Amino acid sequence: QPIGALLLEHCRITKEEENVFSISFIEEPERKYCFECDSREQCQEWIEALKRASYEFMRRSLIFYRNEIQKMTGKDPLEQYGISEEARFQLGTHK
């Protein structure tokens, strides 16, 4: 049975030992949640998967691919969805 859940936003994932990683949060940097894996490889897989799962990683990926598509086609791929001007999907915009 699960004993809780962690929302993986504004967190830092750190490799602690060969098969141990931790998750800490910007709001509580002194508190760490440590996880032990069966192997070094499994530990690395978990770290990579958790980093890719964050909203911020997905947002940066969307911005990158949006810009690449716009360079290739000359069109904003988000325009058809009516969200092309949204600040959260623009690089370097803080609205």
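The values are calculated or read from the model by the stated rules, or taken from the named source; none is laboratory data. These numbers were taken from a predicted model, which means no experiment stands behind them. Cβ placement follows ideal geometry from the backbone for every residue including glycine, while neighbour counts extend to all protein chains displayed. Areas reflect the complete protein model, heavy atoms only, side chains present, ligands, DNA and RNA absent. Shrake-Rupley method; radii C 1.70, N 1.55, O 1.52, S 1.80 Å.
Okay, here's what the table says:
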read-out: Where Lys15, Lys75, Lys32 fall by accessible area, highest first, once all protein chains stay in place (1.4 Å); value: Lys75, Lys32, Lys15
read-out: Pair Asp38, Ser61: separation of 7 Å Cα→Cβ label points (nm); value: 2.6 nm
read-out: Listed candidates [x] 1.10; [y] 1.05; [z] 1.43 - label of the one calculated as Cα Rg over 2.2 N^0.38 Å; value: [z]
read-out: Assigned charges on the beta-carbon of Lys, Arg, Asp, Glu; the chain dipole about Cα centre (debye); value: 460 debye
read-out: Listed residue (Asn19, Ile83, Gln44) projecting farthest to the positive dipole end of the chain, Cβ model; value: Ile83
read-out: Under DSSP loop assignment and at most 15 Cβ neighbours within 10 Å, longest GluC sites (Glu not before Pro)-free interval of the chain; value: 28-84
read-out: Full-extension gain in nm, Gln80 to Glu27, via 0.36 nm per residue minus C-alpha separation; value: 15.3 nm
read-out: For the chain, built as a Gaussian network whose Cα springs stay under 10 Å, the top-fluctuating residue of Ser39, Ser22, Ser54; value: Ser39
read-out: Mean separation of Cα contacts under 8 Å (6+ apart) over length of the stretch 1-53, as relative contact order %; value: 30 percent
